[in-house]
Amino acid sequence: MINEQTTHQTTSETMGLAMNQTDLDDANVNPSSFLPDYHVQSPEVQARFEKLYQRKVILEIKNLVKHFDTQQGKVLALNNINFDIYRREFVCVIGPSGCGKSTLSRILAGLESYDGGTVLLEGQPVDGPSRDRGMVFQGYTLFPWRTVKQNVMFGLEMSGKGGFAAEQSALQWLDLIGLSSFADAYPHQLSGGMKQRVAIARALVNEPRILLMDEPFGALDAQTRCKMQKHLLEIWRNIDITILFVTHDLDEAILLADRILVLKAHPGEVQEIIEVPVPRPRSERQLTSPEFIATRIRLDQLIHGSTHDEAESEPLTPTFARLTNVEDNVE
């Protein structure tokens, strides 16, 4: 389990403010103005990034361009994407619908071609699928006729490895993800979170250099998603793996990532690369920390294109037809 930090104060306490919420409301003050700048990092976080940037660059994306052919002609999906990922870094990719997040992950996995630029993994061009890149999708993609152990072994079998050695390797990974007792179970006997853990183990059994994850927890309920985030961070801490994680969940991105690559849509371009100022190890308790909230507000501005003040100045007032006569209103 993740070591949880228990010393976080409220935003007002951390900033040394005596005003309570009533005071803020009466003064017509935006509470976000009392948060630290999301660029500001503690000495601990600064030291972590200095160490990260001294590591080897494992993935280089230079001037990446991708078009799709449609009935209306070519559509530019990704435009001039430039980004480096360092060894053992955890990177999250976020952006509005249609920004090319999934397309980018598929290109990096070698499942999608691209029209311009270069993609290099440890200096070698990415021009197709390879065992040095593992991929986990939102769907579980498990073979229903294979047991859990056999599903994990599949990647090894595709690489020409089988027999006793492959079985032992699969069992080791099942032990790491906490599913040893389900080795002989079938996918239909597992919960959604358990299925996704098996999918992660299957992607990691070939010991790839980088793990690409395309919204892997998107189909899970909130509680299971939280558990899976903890499992993934535990795996990441214990093995030599670099992770690129596509998500639409802003809190999830802040909780998991070292850096967040923010894309804008139509076409997909890099808006900003954010160094997450939240210290590690991470836990749910940090969701209320000043650093977390400040980063969350910035991401919300980038994704939705408006500030908190602008959003409040244009309240949503939908009109509904009353379908029945109600004598006593609920409000």
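The values are calculated or read from the model by the stated rules, or taken from the named source; none is laboratory data. All of these numbers come straight from a predicted model, not from anything done at the bench. Note that each Cβ is placed from the backbone with ideal geometry, even for glycine, and that neighbours are counted across all protein chains shown.
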Output the qualifying pairs, or none if there are none: Cβ atoms under 9 angstrom, residues six or more apart or on different chains, first residue in the range 95-110 and on the phi > 0 side of the Ramachandran plot and touching a residue at least 24 places away in the same chain (Cβ under 8 Å), second residue surrounded by fewer than 23 Cβ atoms within 10 Å (Cβ to Cβ) and assigned to a helix (DSSP H, G or I).
GLY95/LEU302; GLY95/ILE303
Condition check for THR288: farther than 25 Å from LEU232 by Cα, modelled with pLDDT of 60 or more and either crowded, with 18+ Cβ neighbours inside 10 Å or not acidic (Asp, Glu) (or both)
no
(1) closer than 20 Å to THR118 by Cα; (2) surrounded by fewer than 16 Cβ atoms within 10 Å (Cβ to Cβ) all hold for GLN46 apart from (1)
Would a scan of the range 152-159 turn up a residue that is at pLDDT 90 or above, in contact with a Leu (Cβ under 9 Å, 6 or more places away or on another chain) and either at positive phi or not assigned by TED's automatic domain parsing to the domain that holds ARG55 (or both)?
yes
For the range 64-127, which fully contained strands (runs of 3 or more DSSP E) count at least 3 residues that are loosely packed, with under 15 Cβ neighbours inside 10 Å and assigned by TED's automatic domain parsing to the domain that holds TYR53?
73-86
Near pairs, Cβ below 6 angstrom, 6+ apart or cross-chain, from the range 289-305 (within 11 Å of ASP37 (Cα to Cα)) to any residue that is assigned to a helix (DSSP H, G or I) and hydroxyl-bearing (Ser, Thr, Tyr)
PRO290/THR11; PRO290/THR14; ILE297/SER32
Where residues in the range 128-151 are among the basic types (Lys, Arg) and not in a helix (DSSP H, G or I), which of them is modelled with the lowest pLDDT?
ARG131
